[in-house]
Amino acid sequence: MTSPTGPVLMLQGVSRTQGNNAALKDGSIQPVGVELSFIEEPVLVRAFRAMVRELTYDICEMAITTYLCAREHGVRFTALPVFLVRGFHHGALQVLRDGPVRTVTDLEGTEVGVNRGYTVTTGVWGRGLLAAEHGLDLDAVTWRPSGDEHVVTYQRPGNVRPLSGDRPLLDRLLGGDLAAVVGADLDHPDVVPLLPDPDAAALRALRERGTWPINHLVVVRDDVLAERPWVAQSLYDAFTASKDQYVERLAAGTLVAPTVTDALHRLVMSETGSDPLPYGLDANRNVLEQLIDMALAQHILSETPALEALFADVT
(Lines give C-alpha, C1' and ligand atoms only; values in the text may rest on other atoms or scores of the structure.)
Protein backbone atom coordinates (compact mmCIF):
# COMPACT_ATOMS: atom_id res chain seq x y z
CA MET A 1 0.00 0.00 0.00
CA THR A 2 1.32 3.41 -0.93
CA SER A 3 1.39 5.56 2.18
CA PRO A 4 -1.34 8.18 2.09
CA THR A 5 -0.35 11.82 2.13
CA GLY A 6 -2.31 14.91 3.04
CA PRO A 7 -5.16 15.22 5.54
CA VAL A 8 -6.87 12.20 7.04
CA LEU A 9 -9.72 10.95 4.85
CA MET A 10 -13.13 11.05 6.52
CA LEU A 11 -15.38 8.11 5.60
CA GLN A 12 -18.88 7.31 6.78
CA GLY A 13 -20.21 3.78 6.93
CA VAL A 14 -22.56 1.22 8.40
CA SER A 15 -21.61 -2.08 10.03
CA ARG A 16 -23.42 -3.82 12.85
CA THR A 17 -21.24 -4.19 15.94
CA GLN A 18 -20.08 -7.75 16.58
CA GLY A 19 -16.98 -9.42 17.93
CA ASN A 20 -14.86 -9.25 14.80
CA ASN A 21 -15.40 -5.54 14.10
CA ALA A 22 -15.76 -4.25 17.68
CA ALA A 23 -12.19 -2.90 17.95
CA LEU A 24 -12.61 -1.03 14.68
CA LYS A 25 -15.91 0.46 15.75
CA ASP A 26 -14.76 1.56 19.19
CA GLY A 27 -11.70 3.22 17.66
CA SER A 28 -9.06 1.11 19.39
CA ILE A 29 -7.98 -0.02 15.90
CA GLN A 30 -7.97 2.60 13.16
CA PRO A 31 -7.22 2.35 9.45
CA VAL A 32 -4.12 4.23 8.32
CA GLY A 33 -5.00 7.59 6.82
CA VAL A 34 -8.74 7.17 7.42
CA GLU A 35 -11.13 8.30 10.10
CA LEU A 36 -14.23 6.12 10.08
CA SER A 37 -17.56 7.44 11.31
CA PHE A 38 -20.21 4.74 11.79
CA ILE A 39 -23.95 5.27 11.55
CA GLU A 40 -25.94 2.90 13.74
CA GLU A 41 -28.76 1.49 11.60
CA PRO A 42 -30.93 -0.76 13.80
CA VAL A 43 -32.44 -2.52 10.77
CA LEU A 44 -29.37 -3.48 8.76
CA VAL A 45 -31.28 -4.41 5.60
CA ARG A 46 -32.32 -0.75 5.32
CA ALA A 47 -28.65 0.12 4.97
CA PHE A 48 -28.24 -2.56 2.28
CA ARG A 49 -31.12 -1.05 0.33
CA ALA A 50 -29.89 2.52 0.72
CA MET A 51 -26.41 1.55 -0.42
CA VAL A 52 -27.62 -0.46 -3.41
CA ARG A 53 -30.13 2.11 -4.58
CA GLU A 54 -28.49 5.42 -3.63
CA LEU A 55 -24.85 4.71 -2.68
CA THR A 56 -25.69 6.43 0.61
CA TYR A 57 -22.48 5.53 2.47
CA ASP A 58 -18.78 5.46 1.71
CA ILE A 59 -18.49 1.92 3.05
CA CYS A 60 -21.22 -0.50 4.07
CA GLU A 61 -21.73 -4.02 5.35
CA MET A 62 -23.65 -5.87 2.64
CA ALA A 63 -25.37 -9.23 2.14
CA ILE A 64 -23.22 -11.13 -0.31
CA THR A 65 -25.88 -12.20 -2.82
CA THR A 66 -27.25 -8.66 -2.81
CA TYR A 67 -23.73 -7.59 -3.71
CA LEU A 68 -23.39 -10.17 -6.49
CA CYS A 69 -26.74 -9.16 -7.97
CA ALA A 70 -26.02 -5.44 -7.64
CA ARG A 71 -22.64 -5.75 -9.33
CA GLU A 72 -24.15 -7.57 -12.29
CA HIS A 73 -26.62 -4.70 -12.57
CA GLY A 74 -23.92 -2.05 -12.58
CA VAL A 75 -24.01 -0.63 -9.05
CA ARG A 76 -20.76 1.26 -8.54
CA PHE A 77 -19.25 -0.30 -5.46
CA THR A 78 -16.61 -2.98 -4.92
CA ALA A 79 -16.22 -5.50 -2.13
CA LEU A 80 -13.33 -5.97 0.23
CA PRO A 81 -12.64 -9.65 0.97
CA VAL A 82 -13.79 -9.00 4.54
CA PHE A 83 -16.46 -11.56 5.41
CA LEU A 84 -18.08 -10.23 8.55
CA VAL A 85 -20.95 -12.68 8.98
CA ARG A 86 -21.17 -16.39 8.31
CA GLY A 87 -23.62 -19.05 9.37
CA PHE A 88 -25.11 -22.48 8.76
CA HIS A 89 -28.22 -22.69 6.57
CA HIS A 90 -29.19 -26.35 6.46
CA GLY A 91 -32.12 -25.50 8.73
CA ALA A 92 -33.34 -22.58 6.61
CA LEU A 93 -36.17 -24.58 5.01
CA GLN A 94 -39.04 -25.17 7.47
CA VAL A 95 -42.22 -27.24 7.12
CA LEU A 96 -45.19 -28.34 9.19
CA ARG A 97 -44.30 -31.05 11.70
CA ASP A 98 -47.11 -33.33 10.49
CA GLY A 99 -47.57 -31.77 7.09
CA PRO A 100 -47.41 -33.29 3.58
CA VAL A 101 -43.74 -32.45 2.94
CA ARG A 102 -41.61 -35.28 4.31
CA THR A 103 -38.62 -35.31 1.97
CA VAL A 104 -36.77 -32.65 0.00
CA THR A 105 -38.18 -33.78 -3.35
CA ASP A 106 -41.71 -33.47 -1.95
CA LEU A 107 -41.21 -29.73 -2.45
CA GLU A 108 -41.31 -30.11 -6.22
CA GLY A 109 -44.63 -28.89 -7.59
CA THR A 110 -45.41 -26.88 -4.44
CA GLU A 111 -45.32 -23.24 -3.42
CA VAL A 112 -42.66 -22.23 -0.89
CA GLY A 113 -42.60 -18.92 0.94
CA VAL A 114 -39.42 -16.86 0.94
CA ASN A 115 -38.69 -14.40 3.72
CA ARG A 116 -38.29 -10.94 2.14
CA GLY A 117 -36.74 -11.02 -1.35
CA TYR A 118 -35.83 -13.96 -3.55
CA THR A 119 -32.19 -12.80 -3.69
CA VAL A 120 -31.79 -12.71 0.11
CA THR A 121 -28.61 -14.62 1.03
CA THR A 122 -30.13 -17.02 3.58
CA GLY A 123 -32.68 -18.17 1.02
CA VAL A 124 -30.04 -18.61 -1.67
CA TRP A 125 -27.91 -20.79 0.59
CA GLY A 126 -30.93 -22.71 1.92
CA ARG A 127 -32.26 -23.54 -1.55
CA GLY A 128 -28.81 -24.18 -2.98
CA LEU A 129 -27.86 -26.69 -0.30
CA LEU A 130 -31.05 -28.68 -0.88
CA ALA A 131 -30.27 -28.81 -4.60
CA ALA A 132 -26.60 -29.68 -4.16
CA GLU A 133 -27.00 -32.29 -1.44
CA HIS A 134 -30.51 -33.70 -2.03
CA GLY A 135 -31.17 -33.21 -5.73
CA LEU A 136 -34.03 -30.72 -5.44
CA ASP A 137 -35.06 -29.33 -8.82
CA LEU A 138 -35.30 -25.66 -7.89
CA ASP A 139 -37.11 -24.79 -11.11
CA ALA A 140 -39.88 -27.26 -10.19
CA VAL A 141 -40.80 -25.19 -7.12
CA THR A 142 -42.77 -21.94 -7.14
CA TRP A 143 -40.98 -19.55 -4.81
CA ARG A 144 -43.20 -16.90 -3.14
CA PRO A 145 -41.18 -13.97 -1.71
CA SER A 146 -42.84 -11.83 0.94
CA GLY A 147 -41.01 -8.66 -0.12
CA ASP A 148 -39.31 -6.95 -3.02
CA GLU A 149 -35.66 -7.02 -4.12
CA HIS A 150 -32.99 -4.51 -3.14
CA VAL A 151 -31.79 -4.36 -6.76
CA VAL A 152 -34.78 -2.86 -8.53
CA THR A 153 -33.57 -3.77 -12.05
CA TYR A 154 -33.30 -7.48 -11.23
CA GLN A 155 -35.90 -9.55 -13.08
CA ARG A 156 -37.14 -12.61 -11.19
CA PRO A 157 -37.43 -15.92 -13.07
CA GLY A 158 -40.89 -17.21 -14.03
CA ASN A 159 -41.18 -19.60 -11.07
CA VAL A 160 -40.80 -16.73 -8.58
CA ARG A 161 -44.09 -14.98 -7.78
CA PRO A 162 -44.26 -12.46 -4.93
CA LEU A 163 -46.99 -12.88 -2.35
CA SER A 164 -49.69 -10.24 -2.12
CA GLY A 165 -51.02 -8.74 1.06
CA ASP A 166 -49.39 -8.60 4.47
CA ARG A 167 -50.47 -11.94 5.91
CA PRO A 168 -47.46 -13.41 7.79
CA LEU A 169 -45.58 -16.37 6.36
CA LEU A 170 -46.29 -18.37 9.52
CA ASP A 171 -50.04 -17.99 9.03
CA ARG A 172 -49.78 -19.01 5.38
CA LEU A 173 -47.76 -22.10 6.30
CA LEU A 174 -50.07 -23.13 9.14
CA GLY A 175 -53.08 -22.55 6.91
CA GLY A 176 -51.73 -24.77 4.14
CA ASP A 177 -51.27 -22.02 1.55
CA LEU A 178 -47.53 -22.73 1.49
CA ALA A 179 -45.85 -26.11 1.64
CA ALA A 180 -42.75 -24.69 3.32
CA VAL A 181 -40.94 -21.45 4.13
CA VAL A 182 -37.28 -20.58 3.64
CA GLY A 183 -35.22 -18.07 5.57
CA ALA A 184 -37.88 -16.98 8.05
CA ASP A 185 -36.60 -18.71 11.23
CA LEU A 186 -40.14 -19.36 12.38
CA ASP A 187 -40.66 -20.19 16.05
CA HIS A 188 -43.76 -22.36 16.46
CA PRO A 189 -44.26 -25.82 17.98
CA ASP A 190 -45.82 -27.14 14.76
CA VAL A 191 -42.98 -25.90 12.51
CA VAL A 192 -39.72 -27.85 12.12
CA PRO A 193 -36.71 -27.85 9.82
CA LEU A 194 -37.19 -30.02 6.75
CA LEU A 195 -33.83 -31.66 7.39
CA PRO A 196 -34.14 -33.54 10.70
CA ASP A 197 -30.66 -32.69 12.04
CA PRO A 198 -29.54 -29.54 10.24
CA ASP A 199 -26.60 -28.82 12.54
CA ALA A 200 -25.07 -32.24 11.89
CA ALA A 201 -25.62 -31.78 8.15
CA ALA A 202 -23.94 -28.38 8.28
CA LEU A 203 -20.90 -29.72 10.12
CA ARG A 204 -20.65 -32.61 7.66
CA ALA A 205 -20.68 -30.15 4.74
CA LEU A 206 -18.03 -28.08 6.49
CA ARG A 207 -15.77 -31.09 6.98
CA GLU A 208 -16.32 -32.70 3.59
CA ARG A 209 -16.61 -29.74 1.22
CA GLY A 210 -15.45 -26.72 3.17
CA THR A 211 -18.97 -25.26 3.12
CA TRP A 212 -18.86 -22.48 5.70
CA PRO A 213 -21.43 -20.08 4.22
CA ILE A 214 -20.66 -16.39 3.89
CA ASN A 215 -23.56 -14.02 4.63
CA HIS A 216 -22.10 -10.50 4.72
CA LEU A 217 -19.07 -8.71 3.36
CA VAL A 218 -17.98 -5.04 3.13
CA VAL A 219 -18.36 -2.77 0.08
CA VAL A 220 -16.73 0.56 -0.73
CA ARG A 221 -18.01 3.11 -3.24
CA ASP A 222 -16.04 3.01 -6.47
CA ASP A 223 -15.47 6.76 -6.54
CA VAL A 224 -13.72 6.53 -3.15
CA LEU A 225 -11.47 3.74 -4.42
CA ALA A 226 -10.76 5.56 -7.69
CA GLU A 227 -9.70 8.79 -5.97
CA ARG A 228 -7.59 7.08 -3.29
CA PRO A 229 -6.67 3.51 -4.28
CA TRP A 230 -4.76 2.98 -1.03
CA VAL A 231 -8.03 3.06 0.93
CA ALA A 232 -8.86 -0.55 0.10
CA GLN A 233 -5.68 -1.89 1.69
CA SER A 234 -5.97 0.43 4.68
CA LEU A 235 -9.54 -0.67 5.41
CA TYR A 236 -8.76 -4.33 4.81
CA ASP A 237 -5.80 -4.22 7.19
CA ALA A 238 -7.87 -2.55 9.91
CA PHE A 239 -10.81 -4.96 9.58
CA THR A 240 -8.34 -7.85 9.67
CA ALA A 241 -6.55 -6.54 12.75
CA SER A 242 -9.87 -6.15 14.55
CA LYS A 243 -10.92 -9.67 13.59
CA ASP A 244 -7.58 -11.19 14.60
CA GLN A 245 -7.88 -9.59 18.03
CA TYR A 246 -11.35 -11.10 18.41
CA VAL A 247 -10.22 -14.57 17.29
CA GLU A 248 -7.35 -14.52 19.80
CA ARG A 249 -9.81 -13.78 22.61
CA LEU A 250 -12.22 -16.37 21.27
CA ALA A 251 -9.51 -19.05 21.31
CA ALA A 252 -8.35 -18.03 24.78
CA GLY A 253 -11.88 -18.07 26.18
CA THR A 254 -11.54 -14.50 27.46
CA LEU A 255 -14.59 -12.95 25.80
CA VAL A 256 -16.91 -11.13 28.18
CA ALA A 257 -20.52 -12.39 27.92
CA PRO A 258 -20.03 -14.56 24.81
CA THR A 259 -22.98 -14.68 22.43
CA VAL A 260 -24.60 -17.43 20.38
CA THR A 261 -22.55 -16.19 17.43
CA ASP A 262 -19.36 -16.48 19.46
CA ALA A 263 -20.30 -20.07 20.33
CA LEU A 264 -20.79 -20.85 16.64
CA HIS A 265 -17.36 -19.42 15.82
CA ARG A 266 -15.78 -21.54 18.55
CA LEU A 267 -17.51 -24.62 17.17
CA VAL A 268 -16.15 -23.95 13.69
CA MET A 269 -12.71 -23.32 15.15
CA SER A 270 -12.82 -26.68 16.94
CA GLU A 271 -13.94 -28.46 13.77
CA THR A 272 -11.38 -26.88 11.45
CA GLY A 273 -8.51 -26.16 13.82
CA SER A 274 -8.11 -22.74 12.22
CA ASP A 275 -9.42 -19.19 12.07
CA PRO A 276 -13.23 -19.43 11.94
CA LEU A 277 -13.48 -16.09 10.09
CA PRO A 278 -10.86 -16.12 7.33
CA TYR A 279 -10.60 -12.96 5.27
CA GLY A 280 -8.96 -12.62 1.87
CA LEU A 281 -9.87 -14.08 -1.49
CA ASP A 282 -7.66 -17.17 -1.60
CA ALA A 283 -8.87 -18.56 1.74
CA ASN A 284 -12.48 -18.22 0.61
CA ARG A 285 -12.30 -19.12 -3.07
CA ASN A 286 -13.98 -22.51 -2.62
CA VAL A 287 -17.02 -21.26 -0.70
CA LEU A 288 -17.37 -18.22 -2.97
CA GLU A 289 -17.43 -20.48 -6.02
CA GLN A 290 -20.08 -22.65 -4.34
CA LEU A 291 -22.28 -19.60 -3.74
CA ILE A 292 -21.82 -18.24 -7.27
CA ASP A 293 -22.85 -21.63 -8.69
CA MET A 294 -25.98 -21.51 -6.53
CA ALA A 295 -26.80 -17.96 -7.65
CA LEU A 296 -26.44 -19.02 -11.29
CA ALA A 297 -28.67 -22.07 -10.79
CA GLN A 298 -31.30 -19.88 -9.11
CA HIS A 299 -31.24 -17.30 -11.94
CA ILE A 300 -29.93 -14.56 -9.68
CA LEU A 301 -26.81 -14.22 -11.83
CA SER A 302 -26.92 -14.61 -15.60
CA GLU A 303 -23.19 -15.27 -16.05
CA THR A 304 -20.21 -16.33 -13.97
CA PRO A 305 -18.25 -13.32 -12.71
CA ALA A 306 -14.48 -13.42 -12.36
CA LEU A 307 -13.79 -13.58 -8.63
CA GLU A 308 -10.83 -11.23 -8.84
CA ALA A 309 -13.01 -8.61 -10.52
CA LEU A 310 -15.49 -8.69 -7.62
CA PHE A 311 -12.95 -7.67 -4.98
CA ALA A 312 -10.60 -4.77 -4.45
CA ASP A 313 -6.92 -5.61 -4.86
CA VAL A 314 -5.54 -6.23 -1.37
CA THR A 315 -2.83 -8.47 0.00
* To one decimal place, what Kirkwood hydrodynamic radius in Å is obtained for segment 41-117 from all pairs of distinct Cα atoms? -> 15.4
* Under the Kirkwood approximation applied to all pairs of distinct alpha-carbon atoms, what is the hydrodynamic radius of the chain in Å? -> 20.4
* Inter-site label distance for Ala226 and Ser270 at 7 Å from Cα along Cβ, in nm -> 5.0
* Structure fact -> Once Ile29, Ile300 are ranked on solvent-accessible area with the largest value leading and a 1.4 Å probe, the list reads Ile29, Ile300
* Structure fact -> Distance in nm between Arg46 and Ser28 label points, each 7 Å along Cα→Cβ, equals 2.9
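Could you tell me the relative contact order of segment 37-161? Use alpha-carbon pairs under 8 Å, at least six residues apart, and round to a whole percent.
Values: 137 pairs, mean separation 35.1, N = 125.
Reported relative contact order: 28 percent.
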* For the chain, with every protein chain kept in place, what is the accessible area per residue (1.4 Å probe, Å²)? -> 45
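Would you calculate a helix-derived [θ] at 222 nm for the chain, using -39,500 (n - 2.57) for each DSSP H run of n ≥ 4 and dividing by the full residue count, to the nearest 500?
Only helices count here, giving -11000 deg cm²/dmol.
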* To do: Report, to the nearest whole %, how much of the accessible area of the chain belongs to carbon and sulfur atoms, 1.4 Å probe, protein only.
  => 49
* Long-range amide H partners of Val85 with built H, under 5 Å -> Asn215, His216
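The values are calculated or read from the model by the stated rules, or taken from the named source; none is laboratory data. Here the structure is a predicted model, which means the values were calculated and not measured. Every residue, glycine as well, gets a Cβ built from its backbone with ideal geometry; the counts of neighbours run over all protein chains shown. Heavy atoms of the whole protein, side chains included, go into the accessibility calculation; ligands, DNA and RNA do not. Shrake-Rupley method; radii C 1.70, N 1.55, O 1.52, S 1.80 Å.
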